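The values are calculated or read from the model by the stated rules, or taken from the named source; none is laboratory data. Computed from a prediction, not measured in an experiment: that's the story for all the values here. Methodologically, a virtual Cβ is constructed for each residue, glycine included, from the backbone with ideal geometry; neighbour enumeration extends over all protein chains shown.
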Amino acid sequence: MLTLVGLVNRVDQDFDTPIYHRIALVSKLAAFSLAGAVGLLLLLAMPVAEFDNMSPQWYPMLYKILYAGVVALSALLVGTVVLLYQTVRSLIAHVTPREDV
């Protein structure tokens, strides 16, 4: 991210605000992805088998919650990568003098 911002600042051309908004959005999505991954890791490392006082109906609900977390985190990571790709591609198109990029 710092390389991308540094490249945008060093280039002689002026970039419009959507490039900076995309960079900010990529950094927010990356931060949410990291926080979500840490939270999911903590949930997965929870010693569920040692909970003696829990009812058996609790385990399917925990499985569904963990599965939804994995799906949401995967979607967030894919969205972050796609947005980063679009941002870099747009930046390269602005910097490259040719029209075929």
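Yes/no per residue for (1) closer than 27 Å to Thr17 by Cβ; (2) hydroxyl-bearing (Ser, Thr, Tyr); (3) surrounded by 10 or more Cβ atoms within 10 Å (Cβ to Cβ):
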position: Leu34; (1), (2), (3): yes, no, yes
position: Leu42; (1), (2), (3): no, no, no
position: Met46; (1), (2), (3): no, no, yes
position: Tyr63; (1), (2), (3): no, yes, yes
position: Leu76; (1), (2), (3): yes, no, yes
position: Val82; (1), (2), (3): yes, no, yes
position: His94; (1), (2), (3): yes, no, yes
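The listed residues are Ala45, Ala49, Ala30, Ala68, and the only one of them that is of a type in the set (A, V, I, L, M, F, W, C) and within 13 Å of the chain's Cα centre (by Cα) turns out to be Ala30. Reported count of residues in segment 71-101, each being outside any helix (DSSP H, G or I) and either over 28 Å from the mean Cα position of the chain (by Cα) or modelled with pLDDT of 85 or more (or both), is 4. Within segment 62-76, the set of residues being touching a helix residue (DSSP H, G or I) at 6+ places or on another chain (Cβ under 8 Å), under 12 Å from Gly36 (Cα atoms) and among the aliphatic types (A, V, I, L, M) comprises Leu66, Val70, Ala72, Leu73, Leu76.
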